[in-house]
Amino acid sequence: MDSLIQKIDKKSARLGVIGMGYVGLPLALEFCKAGFDVTGIDLDKKKIESINSGKSYIEDAADEDIQKAIGQGRLHATADFSVLSQLDTVSICVPTPLRKTKDPDISYILSATQEIAKYIHRGQLVVLESTTYPGTTEEIILPELESKGLKVGVDFSLAFSPERIDPVNKQFNTRNTPKIIGGITTKCTESAAALYSKAVDKVITVSSTRAAEMVKLLENTFRAVNIGLVNEIAIICNKLGMDVWEIIDAAATKPFGFMPFYPGPGLGGHCIPVDPHYLSWKLKMFNYNARFIELASEVNTNMPYFVVSKVSDALNARKKSINGSKILVLGAAYKKDVGDVRESPALDVIRLLKEKGGLISYNDPHIPHLHEENMDMSSIDLSNYSILDQYDCTVIVTNHSSYDYQQVVDCSSIIVDTRNATRGIISDNIVKL
Ligand SMILES: NC(=O)c1ccc[n+]([C@@H]2O[C@H](COP(=O)([O-])OP(=O)(O)OC[C@H]3O[C@@H](n4cnc5c(N)ncnc54)[C@H](O)[C@@H]3O)[C@@H](O)[C@H]2O)c1
């Protein structure tokens, strides 16, 4: 019988992806494009139906790619985990959120692992892709998978390979973003590298699953801390009466030793505000306080309050208050051109403005409805920008590229621009962060 690596080389290996979200669906499609048969497993029946009927639900997966993969008989989605008994590899792409206490919630990883453990068999490769704290693969997944009597590195392989996807990034995608891989044993690393090298251009192996877990947390902590720094610089520039955007643009002309990060209304998305807390939580077990992470988090989570103070000042300058003013929030997504509101600072900005008595509406071409905790709103129609003159203030929270910012400026009474979306437009009704 062929070994796993031989099956991978011949493209006869049957692959599985658990969790068909922002990470899992593009990964499954990339495996299909590489010539493999892939089964996507998810608990969400709507996602299964959508995939099997050739319709995408995320920006980074095109309908045509799904339809092509289904037409070639390469892609199939199911909620039935028993299919795992026939799969040679399984990549786990389930969520890793935080609990309300900011402690890691690895329950999704656990439940996926328990399902895999029921069907684990000789020759199978299991790869965790979900972002998590160093030690998860070895301390949580490995004992569960070995509990059925099979031995890692001998009977089956286990590795960690962090997903690095950046939704709607036009330059870097699953294929051309290098992939880090660390296995429990050398054989595990080799098996995982053999698989991923068929679907991504470059694979980099590291010494262990812990090292691979830590690489991802360094990357995301680096972003969270640098964004925290630049958000603090925005507050400092504000106190000194300077334009932070001008300062960053000028500093970014230095060809070495400086990398521009930009301030904003706060962190959003499933990764940057969440992942560094996985690391600081782990370090608490060693009686160590990860100070940069905590400080950056403090600065970043305060940014929505800073935005609200800007709105308050802007209205005050026109003898108005937030209380009773009609305020339009432009953009609800956590970043431009995506339809994802997870951890979006727009939710905090809306909530805080409402608490102060503001009459808040929002528009987001990607998010028709906001059904969040204590929030049930629908996006207003912005096909005609003249509607903006009905509002006392427009707050740009997400800089979607579909907006016509000249029209936003021309039709709004005051604009609080948290993203420098109105860059290059000169008007005295623009207030920048
Ligand atoms: N979204 C990103 O930009 C991004 C980037 C890099 C890394 N990551 C990491 O990748 C992981 C997945 O993130 P995502 O954004 O794809 O999440 P997601 O919420 O978009 O998708 C996760 C999917 O897993 C499914 N699921 C949950 N529990 C399951 C289970 N037990 N069995 C089967 N399916 C299950 C959900 O129904 C959902 O469809 C997270 O750890 C995240 O931190 C995300």
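The values are calculated or read from the model by the stated rules, or taken from the named source; none is laboratory data. Here the structure is a predicted model, which means the values were calculated and not measured. As a convention, Cβ positions derive from the backbone with ideal geometry for all residues, glycine included, and neighbour counts pool all protein chains shown. The protein model used for the area step is the full one, side chains on, heavy atoms only, and it has no ligands, DNA or RNA in it. Shrake-Rupley method; radii C 1.70, N 1.55, O 1.52, S 1.80 Å.
For the list (1) on the phi > 0 side of the Ramachandran plot; (2) part of a strand (DSSP E or B); (3) not hydrophobic (A, V, I, L, M, F, W, C), I need the number of the one condition that Asp376 fails.
(1)
Restricting to segment 40-56, count the residues that are within 16 Å of the ligand (Cβ to nearest atom) and open to solvent by less than 70 Å² (accessible area, probe 1.4 Å).
10
Please list, ordered by first then second residue, the pairs with beta carbon atoms under 7 Å, 6 or more apart or interchain, first in segment 150-165 and under 25 Å from Leu218 (Cα atoms), second within 15 Å of the ligand (Cβ to nearest atom) and of a type in the set (Gly, Ala, Ser).
Phe160/Ala212; Ser161/Ala212; Pro162/Ala212
Scan segment 246-291 for residues that are in a helix (DSSP H, G or I), out of contact with any strand residue (DSSP E or B) (no Cβ under 6 Å at 6 or more places or on another chain) and within 16 Å of the ligand (Cβ to nearest atom) and jot them down. Spell out how you get there, then give the answer.
So in segment 246-291, the residues in a helix (DSSP H, G or I) come out as 246-251, 275-284, 291.
So of that shortlist, the ones also out of contact with any strand residue (DSSP E or B) (no Cβ under 6 Å at 6 or more places or on another chain) come out as 246-251, 275-276, 279-280, 282-284, 291.
Correct list: Asp275, Pro276, Leu279, Ser280, Lys282.
What is the residue count in segment 263-313 for residues that are open to solvent by less than 10 Å² (accessible area, probe 1.4 Å), out of contact with any helix residue (DSSP H, G or I) (no Cβ under 6 Å at 6 or more places or on another chain) and closer than 22 Å to Leu353 by Cα?
3
Looking for whichever is of a type outside the set (A, V, I, L, M, F, W, C), more than 25 Å from Arg99 (Cβ to Cβ), at pLDDT 95 or above and more than 12 Å from the ligand (Cβ to nearest atom) here; the options are Gly135, Gly153. Which one fits?
Numbers: Gly135 fails: more than 25 Å from Arg99 (Cβ to Cβ).
One residue alone meets the criteria, Gly153.
Step by step: first the residues of segment 413-428, then only those that are polar (S, T, N, Q) and over 19 Å from Ser309 (Cα atoms), then the one that is least open to solvent (accessible area, probe 1.4 Å). Which residue is that?
Out of the qualifying residues, it is Thr422.
Those residues that are farther than 24 Å from Ser309 by Cβ and of a type in the set (S, T, N, Q), I need them from segment 396-412; list them, please.
Ser401, Ser402, Gln406, Gln407
When segment 219-260 is examined, which residues are found to be open to solvent by 20 Å² or more (accessible area, probe 1.4 Å) and of a type in the set (Phe, Trp, Tyr)?
Listed by number, the residues that qualify are Phe222, Phe256, Phe258.
Under 6 Å by Cβ, and 6 or more places apart or on different chains, what pairs join a residue from segment 102-118 that is within 18 Å of Asp44 (Cα to Cα) with one that is among the small types (Gly, Ala, Ser) and modelled with pLDDT of 95 or more?
Every condition considered, the pairs that remain are Ile109/Ser130.
Report whether or not Ala61 is in contact with a Pro (Cβ under 6 Å, 6 or more places away or on another chain), within 13 Å of the ligand (Cβ to nearest atom) and open to solvent by less than 40 Å² (accessible area, probe 1.4 Å). Give the derivation first.
Numbers: in contact with a Pro (Cβ under 6 Å, 6 or more places away or on another chain): yes; within 13 Å of the ligand (Cβ to nearest atom): yes; open to solvent by less than 40 Å² (accessible area, probe 1.4 Å): yes.
Judged against the criteria, Ala61 is a match.
Select, from Phe81, Phe36, the only residue that is on the phi < 0 side of the Ramachandran plot, more than 25 Å from the chain's Cα centre (by Cα) and within 11 Å of the ligand (Cβ to nearest atom).
Numbers: Phe36 fails: within 11 Å of the ligand (Cβ to nearest atom).
One residue alone meets the criteria, Phe81.
Does Arg351 meet the test of being in contact (Cβ under 8 Å) with a residue 24 or more places away in the chain and assigned to a helix (DSSP H, G or I)?
Working: in contact (Cβ under 8 Å) with a residue 24 or more places away in the chain: yes; assigned to a helix (DSSP H, G or I): yes.
Taking the combined requirement at face value, the residue satisfies it.
Which condition number in (1) hydrophobic (A, V, I, L, M, F, W, C); (2) closer than 19 Å to Ser207 by Cα; (3) within 15 Å of the ligand (Cβ to nearest atom) is the one that Leu125 fails?
The single condition Leu125 does not satisfy is (3).
Under 6 Å between Cβ atoms, which residue pairs at least 6 apart in sequence (or on different chains) link something in segment 182-209 that is within 15 Å of Asp88 (Cβ to Cβ) with a partner that is assigned to a helix (DSSP H, G or I) and acidic (Asp, Glu)?
Pairs that qualify, where the first residue is within 15 Å of Asp88 (Cβ to Cβ) and the partner is assigned to a helix (DSSP H, G or I) and acidic (Asp, Glu), are Ala199/Glu30.
So which strands (runs of 3 or more DSSP E) stay within segment 74-171 end to end and still have 2 or more residues that are surrounded by fewer than 23 Cβ atoms within 10 Å (Cβ to Cβ)?
Working: elements: 75-78, 89-92, 125-128, 157-160.
Per the criteria, 75-78.
Among the candidates Ser321, Ser386, Ser361, Ser309, single out the residue that is outside any loop (DSSP other than H, G, I, E, B) and within 26 Å of Cys237 (Cβ to Cβ).
On the way: Ser321 fails: outside any loop (DSSP other than H, G, I, E, B); Ser386 fails: within 26 Å of Cys237 (Cβ to Cβ); Ser361 fails: within 26 Å of Cys237 (Cβ to Cβ).
Being outside any loop (DSSP other than H, G, I, E, B) and within 26 Å of Cys237 (Cβ to Cβ) holds for just one of Ser321, Ser386, Ser361, Ser309, which is Ser309.
So Phe222 ticks every box in (1) within 15 Å of the ligand (Cβ to nearest atom); (2) in contact with an Asp or Glu (Cβ under 9 Å, 6 or more places away or on another chain) but one. Which box is left unticked?
(2)
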